[in-house]
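Asks: Okay, handing you the structure first.
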């Protein structure tokens, strides 16, 4: 986008290639099943990706990385052409007025996609929303034909899938399994099954003795959390999904079962499709929320059992974060919050697929031990390569679990040395001791492509051309504080899609208000605003979201929102002030967007230094921007004072 904006003034006709290029990309992605690129082996063992990571030979490594970079290059081409529209338009109005219009358009785009997500729309609707404005700017026959082709390929990709705000959802029935359980896949990966584990079905003459034995094992596995306590008043199931754990709790005699899941569509599938209909039982209460947010927002509630179902997401926290949706659910801080909800004499259980290896089992064991002060008992479960971690509050479980049909397990000897996830370092899936080779190669490739293209657009001597160094650094820093803001506020209010939409819309609104302030006040000096920006970044560094979790929802909103808004506002004032003085607005805005690319890559260092330190990285980048601004001012003043 940055490259396209920078080129827009000189190459406005690039806009006519936006839709044809998008058609090529849509054809590849829409036919990904036929092209057999739905699943690409990720050649890096440093991160667990549902078994998709693997050690590969050099040839396969090169093929996987090349395919990723090829797809990136196509996305790059689409946005270069689309950015040319913006660059061309920026030359027709005063810079600040153009920027205001751009921010308003971005805000309306967020609103439009929020409405589309809430309505459960499908890809063709998304492309109509996004591509119709592109068609307005290029009314050539090739663009019209491309627009129609994009819609056809997006429709072709759907099949029988449903769509939620998080996932593409496919529902199939596995006819090779007893009773043909319903299988739910999300984003084209297996997610869960809806089992009929009722005694009536298990003892049915249509089920073979071998299959009956398997089903009994599954039924026993799901019921373990709910048979360990003498009291059966209330149970909490987080990651309830389509309802297998809820059904087990109801069959175990619980009088009140609260089921929490982040995706309303998954719960609705369970309501209509689960063979035991657990959500139709009047004792069951469904809650659509992020599990971590539920713990914090319901700290006054108490349960005999708090059960983490096989909770894992197949979606990212946001487009600007390396986190997955459930990363904050498995931190020490989160388990500690869940532990507070357990009554004396109650239990907390965490079930998790440990297909990635012993290291993730050890990490969960250490996390639960740190959070509760109780070393958990581990059981090998019969489904999905899972282990169950069980801790009791003021109750002994050793004798009870020894009578379970599943073997107990032990952690490895180095369990006490493994790094556990915290709210500052919520990276459950990072494998210890493995260098992220593929990540480095891919990110390096992206930066290399960006650098080559930037040199082609701005010229080899960036300092002497239209490239705007201060706004480049500000773009990198702003992306970091934007990402950190999304992560922090999602921790306070939940990692739900609607929270992310509100946060991004709020960031755009603050940038608009900052631009409006500059339009009215016309600040002469930026140093005071840099000082205020650094002060608010340091405040964000020292005042972490976890400190605010004990406040009321209103208190969190007021203080958390203010902490997030102030850096964005002051950064916006500085940006608009520098931007208003630019002799080449399109090039300056393009430079800023290119800086955001670098900021996005820098975000990955949080996997090493933690999320909190991103504020310090942003502060350093802003220091560099001030240095370049001051140097530019000195050069201009020297030129004005030189004898003519």
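Asks: Could you work out the pair-distance distribution P(r) of the range 109-198 from its alpha-carbon pairs, with 5 angstrom bin width and percents rounded to whole numbers?
Replies: Answer for the range 109-198: a P(r) of 3, 12, 17, 17, 15, 12, 9, 6, 5, 3, 2, 1, 0 percent.
Asks: Quick one: if you stick a label point 7 Å off each Cα along the C-beta vector at residue 32 and residue 272, how many nm between them?
Replies: Distance between label points: 2.5 nm.
Asks: Output the 0 to 90 degree angle, nearest 10, between the alpha-carbon long axis of helix 209-223 and the longest principal axis computed from the alpha carbons of the chain.
Replies: Approximately 70 degrees, to the nearest 10.
Asks: Out of the DSSP beta bridges found with both residues in the chain, what percent are antiparallel (nearest 5)?
Replies: 55 percent
Asks: Sort 514-526, 560-572, 405-417 for me by packing, meaning the mean count of neighbouring Cβ atoms within 10 Å per residue, highest on top.
Replies: 560-572, 514-526, 405-417
Asks: Let me ask something additional. At 4 °C and 1.567 mPa s, what whole-number value in µm²/s does Stokes-Einstein give for the translational diffusion of the chain, with Rh from the Kirkwood sum over Cα pairs?
Replies: D = 48 µm²/s.
Asks: Mind pulling the angle between the C-alpha long axis of helix 553-580 and the longest principal axis of the chain? Nearest 10 degrees, somewhere in 0 to 90.
Replies: Tilt of helix 553-580: around 20 degrees.
Asks: Would you list 10, 59, 393 from fewest to most Cβ contacts within 10 Å?
Replies: 59, 10, 393
Asks: Which of rounded, prolate, oblate describes the range 466-633, given a ≥ b ≥ c as roots of the alpha-carbon gyration tensor eigenvalues and a/c under 1.5 marking rounded, otherwise prolate only if a/b is larger than b/c?
Replies: Judged from the Cα gyration tensor, the range 466-633 comes out prolate (a/c at least 1.5, a/b above b/c).
Asks: Can you work out the FRET efficiency for the pair residue 535 and residue 106, with r the C-beta to C-beta distance and R0 = 41 Å, to the nearest 0.05?
Replies: 0.90
Asks: Could you tell me the distance between the Cα centroids of the range 258-274 and the range 509-565, to the nearest Å?
Replies: First find each Cα centre; the distance between them is then 38 Å.
Asks: Which shape class applies to the range 345-398: rounded if a/c is under 1.5, otherwise prolate when a/b exceeds b/c and oblate if not, where a ≥ b ≥ c are the square roots of the Cα gyration tensor eigenvalues?
Replies: oblate
Asks: Using a basic spin-label model with each label point 7 Å from the Cα along Cα→Cβ, how many nm lie between residue 136 and residue 358?
Replies: For the pair residue 136/residue 358, the computed spacing is 6.1 nm.
Asks: Using the number of other C-beta atoms within 10 angstrom as an exposure proxy, rank 333, 304 with the fewest first.
Replies: 333, 304
Asks: Ignoring everything except DSSP H segments at least 4 long, calculate the 222 nm mean residue ellipticity for the chain; use -39,500 (n - 2.57) per segment, divide by total residues, nearest 500.
Replies: Value at 222 nm, helices only: -18000 deg cm²/dmol.
Asks: Can you give the relative contact order of the chain as a percent, counting alpha carbon pairs under 8 Å and 6+ residues apart?
Replies: This gives 16 percent for the chain.
Asks: Now a separate question. Compute the angle between helix 469-493 and the longest alpha-carbon principal axis of the chain, please, reported from 0 to 90 degrees and rounded to the nearest 10.
Replies: Taking the Cα atoms of the chain, the angle to 469-493 is about 30 degrees.
Asks: How compact and how long is the range 224-417, expressed as Rg and Dmax of its alpha-carbon atoms in Å?
Replies: Every Cα atom of the range 224-417 included, Rg and Dmax give 15.9, 48 Å.
Asks: What's the ranking of 472-482, 88-98 by average number of surrounding C-beta atoms within 10 Å, highest first?
Replies: 472-482, 88-98
Asks: If one computes the Cα centroid of the range 85-124 and of the range 360-418, what distance in Å separates the two points?
Replies: So the two Cα centres are separated by 50 Å.
Asks: If you take every DSSP beta bridge whose two residues both sit in the range 224-417, what share of them, in percent to the nearest 5, is antiparallel?
Replies: Rounded to the nearest five, the antiparallel share is 40 percent.
Asks: Under a plain spin-label model, where a point goes 7 Å from the Cα along Cα-to-Cβ, how far apart in nm are residue 160 and residue 231?
Replies: 4.6 nm
Each value in this text was obtained by applying a stated rule to the coordinates, not by laboratory testing. What you are looking at is a predicted structure, and each value in this text was computed from that prediction instead of being measured. Every residue, glycine among them, receives a Cβ derived from its backbone with ideal geometry; neighbour counts consider all protein chains shown.
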